[in-house]
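Take a look at the structure below.
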């Protein structure tokens, strides 16, 4: 199946980025690395779950975890972006709030039944197989997460003339376009859009990290 293969490739891309960001966090213990690591790890899981769904169908428990992860990954990537453009205390507060909402959504999702008839359709699916008590959590993660991720990246790219911000904004918008493609009957392009988008996101993350490191070196030389 082509969709399963594309989602598998997308999962491998996400996993490679998650490992590299995880190593950065292990070495630096900085929270923006932690937020981006969680975001990429959740992205990897959602892509892998989508691949498995095409191959063997949706399992109710896998579907629940997939739905929560798909909403939460945007929030964590948004939190990671805030650490580049906002004061640390605001980024800390945002990350903490997103963690609490994601945990509440996970607990709720694990305790409700799934509409097996809707789940049995297979393929690309949203939250239709879950009750509204779970779906109401999704915008609490995706809306602020998207505003932080795309808004922060655009502000950084245009106001600060940051190349990293433009890469992150482009990647975010391409990933967001995947849902539109699905609604227009082009679901097979969703893993492609996600793969391209996550590559651009990672490129922006790397560039921002290099710039931040260079700024620190300049500051140390000036102080010296």
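The values are calculated or read from the model by the stated rules, or taken from the named source; none is laboratory data. This is a predicted model, so every value here is computed, not measured. Quick reminder, even Gly has a Cβ in these numbers, built from the backbone with ideal geometry, and neighbours come from all protein chains shown.
Here are the numbers for the structure shown:
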item	result
Residue under evaluation residue 92, criteria (1) at pLDDT 90 or above; (2) within 17 Å of the chain's Cα centre (by Cα), criterion not met	(2)
In segment 120-137, the residues that are in a helix (DSSP H, G or I), out of contact with any helix residue (DSSP H, G or I) (no Cβ under 6 Å at 6 or more places or on another chain) and within 12 Å of residue 67 (Cβ to Cβ)	135
The lone exception for residue 52 - which of (1) assigned to a helix (DSSP H, G or I); (2) buried (at least 19 other Cβ atoms within 10 Å of the Cβ); (3) at pLDDT below 95 it fails	(2)
Condition met for residue 165 (modelled with pLDDT of 80 or more, assigned to a helix (DSSP H, G or I) and either surrounded by 22 or more Cβ atoms within 10 Å (Cβ to Cβ) or in contact with a strand residue (DSSP E or B) (Cβ under 6 Å, 6 or more places away or on another chain) (or both))	no
Selection within segment 54-64 - out of contact with any helix residue (DSSP H, G or I) (no Cβ under 7 Å at 6 or more places or on another chain) and more than 16 Å from residue 117 (Cβ to Cβ)	56, 61
Given (1) buried (at least 23 other Cβ atoms within 10 Å of the Cβ); (2) modelled with pLDDT under 95; (3) in a helix (DSSP H, G or I), index of the condition residue 58 fails	(3)
Residue that is over 19 Å from residue 35 (Cβ atoms), modelled with pLDDT of 75 or more, surrounded by fewer than 22 Cβ atoms within 10 Å (Cβ to Cβ) and under 20 Å from the mean Cα position of the chain (by Cα), where the choices are 187, 203, 170	170
Selection status of residue 153, under 15 Å from the mean Cα position of the chain (by Cα), in a helix (DSSP H, G or I) and touching a residue at least 40 places away in the same chain (Cβ under 8 Å)	yes
Given (1) closer than 28 Å to residue 4 by Cβ; (2) surrounded by fewer than 17 Cβ atoms within 10 Å (Cβ to Cβ); (3) within 22 Å of the chain's Cα centre (by Cα); (4) free of Cβ contacts under 8 Å to residues at least 40 places away in the same chain, index of the condition residue 104 fails	(1)
